[in-house]
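Encoded as structure tokens, the structure appears first; notes follow it.
Where a number appears in this text, it was derived from the coordinates with a stated rule and is not lab data. Since we're looking at a predicted model, the values are computed, not measured. Counting neighbours? That spans all protein chains shown, and the Cβs are built from the backbone with ideal geometry, glycine included.
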Amino acid sequence: MGWIRTAIVGVAIGLMAVSPARADILVDGFEDVTDWVGLDLDTSIAHEGSASGRWDDQTTQRTVRKDYASPLNASSADAVHLWLHSATANGAWIQLSFVSDRGTTTTDDQYRTRIVVDWTGWRHVWVPLDDFTVVGDPVGWHAIDRVLLLADGWGREPLGDTVLRLDDLR
């Protein structure tokens, strides 16, 4: 029985040696939100550093976004990590999208996922890249043009009492 345990441990160590850890790609730390449309800098609540990006009044500001002059290469990551702070657990639906557009159609080619705001305080949102829904024909995770968060879609309207703070998006 001891030799089986030794063999399993040996195989696990061997797999760790040939399976390098994927890198975290810092998308934004939200210490400065001037490159985001729709976010305000909030120095009163932060998870990492001294500030976060505040998104409120979602009935008017339905979308926040960050555009890249040169595409972001996120292909070495295995998941998206984001800290979100919610003022209320109201069941709002938020779409998180990474646009990698080919420009051949009128809609964005993208990777997207839905987040349901069912908590208060800070929550670590972790989504493996393979769990994102593919919309259209994205160029790839190596060519991200834009990051979007949307408060509407799926036949739902934004909820006026939703206040989110974003921090440490990787």
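A compact table of results
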read-out	value
Estimated translational D of region 93-165 in µm²/s (Stokes, Kirkwood radius over Cα pairs; 25 °C; 0.890 mPa s)	182 µm²/s
Efficiency of FRET from Cβ geometry, N73 and R114, R₀ 35 Å, rounded to 0.05	0.90
In Hz, Karplus ³J(HN,Hα) per residue of region 150-164 (6.51, -1.76, 1.60; θ = phi - 60°; x = Gly, Pro)	10, 9, 10, x, 6, x, 10, 9, x, 9, x, 8, 7, 10, 10
Trypsin sites (Lys or Arg not before Pro) restricted to region 62-127 and DSSP loop, no more than 14 other C-beta within 10 Å	R102
In Hz, Karplus ³J(HN,Hα) per residue of region 103-114 (6.51, -1.76, 1.60; θ = phi - 60°; x = Gly, Pro)	x, 9, 9, 7, 10, 6, 7, 7, 10, 9, 8, 10
Phi to ³J(HN,Hα) by Karplus 6.51 cos²θ - 1.76 cosθ + 1.60 over region 142-147, Hz, x for Gly, Pro	7, 9, 8, 8, 7, 10
Cα→Cβ-extended label distance, 7 Å offset, between D137 and D161, nm	4.6 nm
Rounded to 10°, Cα long-axis angle of helix 2-18 versus longest principal axis of the chain	50 degrees
Kirkwood hydrodynamic radius over Cα pairs of the chain, then Stokes diffusion coefficient at 37 °C and 0.692 mPa s, in µm²/s	188 µm²/s
Zone residues, region 137-157, relative to R102, backbone N less than 12 Å from point 7 Å out along Cα-to-Cβ	137-140
